[in-house]
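S.K.: Okay, handing you the structure first.
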2 protein chains.
Amino acid sequence: VSSRFLFINNQFLPQEEGVLSVTDLSIHRGYAIFDYFRTVHQQPLFLDNYLDRFYASAAHMRLPVPFNRPQLKEVIQLLMQKNNIVHSGIRMTLTGGYSPDGYGLVEPNFILTQQPLQLPSKEAVQKGIKLITYEHQRQLPHVKTTDYLMAIWLQQKVKEKGADDVLYQQGGVVTECPRANFFLITKDDVLVTPAAHILKGITRAKLLALAKQYLKVEERTVTITDFQTAKEAFICSTTKAVLPVVQIDETTINKGVPGPLTLQLYHAFTALEKQYTTAV
Amino acid sequence: VSSRFLFINNQFLPQEEGVLSVTDLSIHRGYAIFDYFRTVHQQPLFLDNYLDRFYASAAHMRLPVPFNRPQLKEVIQLLMQKNNIVHSGIRMTLTGGYSPDGYGLVEPNFILTQQPLQLPSKEAVQKGIKLITYEHQRQLPHVKTTDYLMAIWLQQKVKEKGADDVLYQQGGVVTECPRANFFLITKDDVLVTPAAHILKGITRAKLLALAKQYLKVEERTVTITDFQTAKEAFICSTTKAVLPVVQIDETTINKGVPGPLTLQLYHAFTALEKQYTTAV
């Protein structure tokens, strides 16, 4: 662990030396954006999609990125070479900077970190997960900010309920999990996922494209009453790929086991990932 | 500046050495609370009220404070002695800690910082300020978290409109400014201020107590249509005390000058402050 490096602003440093002054607006005012992608056999997965989103988040939050895309890709490559981790997650963070008055935006701080990362095991996929719902709408949901205040706070509730994660809803309209997108398969075998007020995941986009090849797909309003009649449910994210949902609050989905279409999508995504990381 | 100190976890350090590892949950997930009080002639103003709120915020966010109240007061006194600033603002920050998995709460980091601080000048008070409204409801509004994502982001809009600050409303119901509470004086000389979905300011509580001695006071729902008939308006906060509002969006208040009852409250608060800081 002590030999791992990070990159901060303009230099590579041993990870334990990666610090920010307490005047940084991320600490002072919660003002920062980030993005997070996987590397598989030392190859970044769907990197351009993640960079698109990172630059879009930065632009929306008025944070100039100190590197253009080729420069950023080069820094990522150098960090990967230094750390030499087979399967990893790489996080790019951009903060509001060292604000003299603790409020106004100044030159951002940029941080690149890398950790070993494995997808959930086959056992975890075969078991599925349990969600609880909670009434909350993330602010600026389309931007990948570091605002996980509610998510961190809700961890205790999730634990108390014996659940694995939380699914946000507002007035019965379902949006997303704190770090994952949500999908249902209806009784008519239509794959549905919330269309609005969410962060549009890269894995979500890849799955929608895959699913369209053999399923009817709808991005639309999903409500908590849709749980009752759903044949299957799952969440997806960069760190989880496809993870079946077998219970939401008191509603058991597909008799408590992962559904066949969910598992088909899981395998389709795994195949896509393999194809992508050998082709690059 | 270089001789100023801060306190972090268990030691006093020159302020420029005050850093957190980038694994801290405040940087990683925007998870932290804080509070902020003034010192006047080296005496903390209404300290117990601020400590009440700080401990309440910490408890709500499941962040154990590493010091009990007498210990915390002692650290504050020591920092004040070291820095020797006549009029200052002191900030207590408590973060989610250095989380190994970047998500779960661990032992918090505690930071105490002090900066010189003066209230707005008499000229600023006599001029008054202009607000714009914006549709937003803060999450966990009763807790003093570091979530100022929307506030920082809105600064550019405030500037573009030639305004001084933003006033949040949701569906026409007014709540608060990002760092201040909002008050109106109605045509019938009633002092009104939003009752719910706000952070209950210490200055707000002091002003309500003062105003009740000579005005009718109501904590109730305030809507944007109330601006039309309001005789006066002002905001209050720790750093601003009482600051008259002379315009909200396109509505001019009291012909664009601070109202007499507002100025009376400003003077009453100034007198209370004087009384408190000489009596302590």
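The values are calculated or read from the model by the stated rules, or taken from the named source; none is laboratory data. None of the values given here were measured: they were computed from a predicted structure. Heads up, the Cβs are rebuilt from the backbone with ideal geometry, glycines too, and the neighbour counts pull from every protein chain shown. Note: areas computed on protein heavy atoms with side chains; ligands, DNA, RNA excluded. Shrake-Rupley method; radii C 1.70, N 1.55, O 1.52, S 1.80 Å.
S.K.: For the pair B:N9 and B:V106, how long in nm is the line joining their label points, each one 7 Å along Cα→Cβ?
M.R.: Placing both labels 7 Å along Cα→Cβ, they lie 1.0 nm apart.
S.K.: How far is B:D101 from itself in the other copies, in nm, if each label sits 7 Å out from Cα along the Cα-Cβ line, shortest first?
M.R.: 4.2
S.K.: Say each of B:K212 and B:E16 gets a label point 7 Å from the Cα, pointing the same way as Cα to Cβ; how far apart are those two points in nm?
M.R.: Spacing of the two 7 Å Cα→Cβ label points: 5.0 nm.
S.K.: Between B:T225 and A:T221, what FRET efficiency follows from the Cβ-Cβ distance if R0 is 35 Å, with the result rounded to 0.05?
M.R.: 0.65
S.K.: A further question follows. Might you work out the accessible area of A:H197 for me, using a 1.4 Å probe with all protein chains in place, and round it to the nearest 10 Å²?
M.R.: 120 Å²
S.K.: Please report the antiparallel percentage of DSSP beta bridges with both residues in chain B, rounded to the nearest 5.
M.R.: 75 percent
S.K.: If I take R0 = 35 Å and measure r between the Cβ atoms of B:K255 and B:N49 in this structure, what FRET efficiency does the formula 1/(1 + (r/R0)^6) give, to the nearest 0.05?
M.R.: Once the sixth-power term is evaluated, E becomes 0.50.
S.K.: I need to check one value: relative contact order of chain B, counting alpha carbon pairs closer than 8 Å and at least 6 residues apart, in percent.
M.R.: 17 percent
S.K.: Which distances, shortest first and in nm, link A:N49 to the matching position in the other copies, using label points set 7 Å out along Cα to C-beta?
M.R.: 5.3
S.K.: Note the angle between two axes, namely the Cα long axis of helix B:260-279 and the longest principal axis of the Cα atoms of chain B, as a number of degrees from 0 to 90, rounded to the nearest 10.
M.R.: It is inclined by approximately 30 degrees.
S.K.: Okay, moving on. Enter the Cα centre distance for the pair the range B:203-280 and the range A:177-256, rounded to the nearest angstrom.
M.R.: 50 Å
S.K.: Then there is this: Within the protein assembly as shown, what whole-number % of the accessible surface is contributed by carbon and sulfur, with the 1.4 Å probe and all protein chains included in the calculation?
M.R.: Reported share for carbon and sulfur atoms: 52 percent.
S.K.: Using a 1.4 Å probe, how large is the accessible area of A:S237, given in Å² and rounded to the nearest 10?
M.R.: 10 Å²
S.K.: Can you give me the three principal axis dimensions of the protein assembly as shown from its C-alpha atoms, in Å, biggest first?
M.R.: 73, 51, 42
S.K.: List the distances, in nm and shortest first, from the label point of A:Q264 to the matching label points in every other copy, placing each point 7 Å from Cα along the Cα-to-Cβ direction.
M.R.: Going from nearest to farthest copy, the values are 7.6 nm.
S.K.: At 1.4 Å probe radius, can you tell me the per residue accessible area of chain A in Å²?
M.R.: Each residue of chain A exposes 42 Å² on average to a 1.4 Å probe.
S.K.: Quick one: angle between helix B:202-211 and the longest Cα principal axis of chain B, in degrees between 0 and 90, rounded to 10, please.
M.R.: The helix B:202-211 is inclined about 30 degrees to chain B.
S.K.: Normalised by the number of residues in the range B:182-225, what is the relative contact order in percent for Cα pairs under 8 Å and 6+ residues apart?
M.R.: The normalised contact order for the range B:182-225 reaches 47 percent.
S.K.: Going by Cα centres, the range B:1-65 and the range B:75-100 are how many Å apart?
M.R.: 5 Å
S.K.: Give me the number: length gained by fully extending B:A59 to B:H87, i.e. 0.36 nm times residue separation minus the C-alpha to C-alpha distance, one decimal in nm.
M.R.: Going from the current span to full extension adds 7.1 nm.
S.K.: While we're looking at this one, here's another question. What is the interface area between chains A and B, defined as buried accessible area summed over both chains with a 1.4 Å probe, reported in Å² to the nearest 100?
M.R.: When A and B are taken together, about 4000 Å² of accessible area is lost.
S.K.: A follow-up question, please. Report for the range A:107-183 the percent antiparallel among DSSP-assigned beta bridges with both residues inside it, nearest 5.
M.R.: Percentage antiparallel, nearest 5: 45.
S.K.: Still on this structure, please answer the following. Residue by residue through the range B:159-170, what is 3J(HN,Hα) from phi via Karplus (6.51 cos²θ - 1.76 cosθ + 1.60, θ = phi - 60°)? Round to whole Hz and write x for glycine and proline.
M.R.: After applying 6.51 cos²θ - 1.76 cosθ + 1.60, I find 5, 4, 8, x, 9, 9, 7, 10, 10, 6, 9, 9 Hz.
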